[in-house]
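Report on the structure given below.
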Amino acid sequence: MFSTNTITRFKDLETPFYYYDLSLLRQTLEACKTASDKYGFHVHYAMKANFNPKVLQTIQSYGFGADCVSGNEVTKAIATGFDKNKVVFAGVGKSDKEINAALDADIFCFNVESIQELDIINELARAKNKKAKVAIRINPNVDAHTHHFITTGLDENKFGINSWQLHDVAETLRKCANLQFVGIHFHIGSQITDLEVYKNLCTRINEMQDWFEDHGFQVKVLNTGGGLGVDYHNPDTNTIADFEGYFKVFKDFLKVKLGQEVHFELGRAMVAQSAALVSRVLYVKIGQKKNFLVLDAGMTELIRPMLYQAYQKIENLSRKSEAGSQKPDSKLKYDVVGPICESTDCFQKDVELPESFRGDLFAIRTAGAYGEVMASGYNLRDKVQSVYSE
């Protein structure tokens, strides 16, 4: 990602900024498309991961659909060129305004998360003399074995409809004349690296689709969600997620019937490795117990490490040799922190790095997902720019 020429280019740029390697993004999208097309699977890009305009345009150009969790994401997807017939709208708290906008856009499907939401969508669709396609998001109570802040498929989570509510769901669907049931939807969490978890999900999906068909509903769409993780520790050697292994699990263990479509909602795996947050050292503080590197980027530009102690690799770009490897500088341990007036504004503690100095360029890797999209103006911070490889 960082050639000598690229690092030289950075020296004249104002920091911090998000750096997007569009070539790597295209390689990743190509790998995802090749692996999913092999089995005839449908992939919707989860827009919440990154809605940078160039990133969205690139993803749309590969023919992927869009998975949206707000009305504005629906609007943005369609404005970017995503086919409305490939746009799905999920989310546990859709407002009437957002539902009406999605109805007006004639999107493919609403992923519905409560019985009350079924009634509301039916009522709003009736007022417009429309029929809304819906998939029922079921909470499968499958443990994703990921961080508890990004687990979504357990009984204790706020998302989805629990299995003991399915009889009420069926009754509601039968009485709602302005709803068209198309399928079932699942999502068990994010940053999942153990593919065995998805085998358990397939078992639950198979059981749930049999339940609906036994109760008189034709299941056209099996939406498995997403959550495929990436390697935050080794972004250079394990750059592209294991799309082939991921999709093969569903090919081998999901019971797909004639005429059914299998849908996925991938976000992080498609964009995370394609970007880094580039920053400069403002101050070096050498102490008796702790050394600090104070960067000009902080939790306002990348909140994941502060929000749930997520690891992201940190590199000193200025200490790299012409060949791209680390110079044989002395090593020190630093707490790498930001400038925000919060004690939690820390990217990582006790990071072993080459001895670093004011003005050194740093890269925080794998920032293409949940980086720019979660940026804030806290402390009246300026919104930072995006820089592209092309």
Return the residues of the range 89-145 that are among the aliphatic types (A, V, I, L, M), over 24 Å from the mean Cα position of the chain (by Cα) and more than 22 Å from Lys48 (Cα to Cα); say none if nothing qualifies.
Ile115, Leu118, Ile120, Ile121, Leu124, Ala125, Ala127, Ala132
Looking only at the range 1-36, count every residue that is part of a helix (DSSP H, G or I) and more than 16 Å from Ile240 (Cβ to Cβ) and tell me the total.
7
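Out of the residues in the range 151-173 meeting the condition of being assigned to a helix (DSSP H, G or I) and either among the polar types (S, T, N, Q) or surrounded by 19 or more Cβ atoms within 10 Å (Cβ to Cβ) (or both), tell me which one is modelled with the lowest pLDDT.
Filtering the range 151-173 for residues that are assigned to a helix (DSSP H, G or I) and either among the polar types (S, T, N, Q) or surrounded by 19 or more Cβ atoms within 10 Å (Cβ to Cβ) (or both), the one modelled with the lowest pLDDT comes out as Ser163.
Name the single residue that is surrounded by the fewest Cβ atoms within 10 Å (Cβ to Cβ) among those in the range 280-300 being in contact with a Lys or Arg (Cβ under 9 Å, 6 or more places away or on another chain) and assigned to a loop (DSSP other than H, G, I, E, B).
The extreme case among them is Lys290.
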Might you let me know whether the range 100-120 holds any residue that is farther than 18 Å from Leu166 by Cα, of a type in the set (Val, Ile, Thr), assigned by TED's automatic domain parsing to the domain that holds Gly225 and surrounded by 15 or more Cβ atoms within 10 Å (Cβ to Cβ)?
yes
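Being under 27 Å from Val271 (Cα atoms) and free of Cβ contacts under 8 Å to residues at least 24 places away in the same chain is the requirement here; does Glu213 meet it?
Criteria not met by Glu213.
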Against the condition under 16 Å from the mean Cα position of the chain (by Cα), farther than 24 Å from Phe181 by Cβ, surrounded by 16 or more Cβ atoms within 10 Å (Cβ to Cβ) and of a type in the set (A, V, I, L, M, F, W, C), how does Val69 come out, does it pass?
no
Hey, does the range 14-29 have a residue that's surrounded by fewer than 20 Cβ atoms within 10 Å (Cβ to Cβ), of a type in the set (S, T, N, Q) and farther than 22 Å from Arg304 by Cβ?
yes
When you check Arg319 against the structure, is it modelled with pLDDT of 95 or more and among the basic types (Lys, Arg), yes or no?
no
Quick one: would you say Asp214 is at pLDDT 95 or above and either among the aliphatic types (A, V, I, L, M) or out of contact with any Asp or Glu (no Cβ under 8 Å at 6 or more places or on another chain) (or both)?
yes
The number of residues in the range 57-71 that are farther than 13 Å from Ala90 by Cβ and touching a Phe, Trp or Tyr at 6+ places or on another chain (Cβ under 8 Å) is 3
Output yes when any residue across the range 199-216 is part of a helix (DSSP H, G or I), of a type in the set (Val, Ile, Thr) and touching a strand residue (DSSP E or B) at 6+ places or on another chain (Cβ under 7 Å), and no when none is.
yes
Looking only at the range 349-369, how many residues end up being of a type outside the set (Val, Ile, Thr) and on the phi > 0 side of the Ramachandran plot?
2
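Results for (1) within 20 Å of the chain's Cα centre (by Cα); (2) in the same structural domain as Ala310 (by TED's automatic domain parsing); (3) at pLDDT below 95; (4) not in a helix (DSSP H, G or I), shown as yes or no for each residue.
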| position | (1), (2), (3), (4) |
| --- | --- |
| Ile240 | yes, no, no, yes |
| Asp252 | no, no, no, no |
| Val256 | no, no, no, yes |
| Val262 | yes, no, no, yes |
| Val278 | no, yes, no, yes |
Taking the range 336-377 on its own, how many of its residues are closer than 13 Å to Ala297 by Cβ and of a type in the set (Ser, Thr, Tyr)?
1
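The values are calculated or read from the model by the stated rules, or taken from the named source; none is laboratory data. This structure is a prediction, so every number in the text was calculated from the model and none was measured. Backbone-built Cβ (ideal geometry, glycine too); neighbour counts: all protein chains shown.
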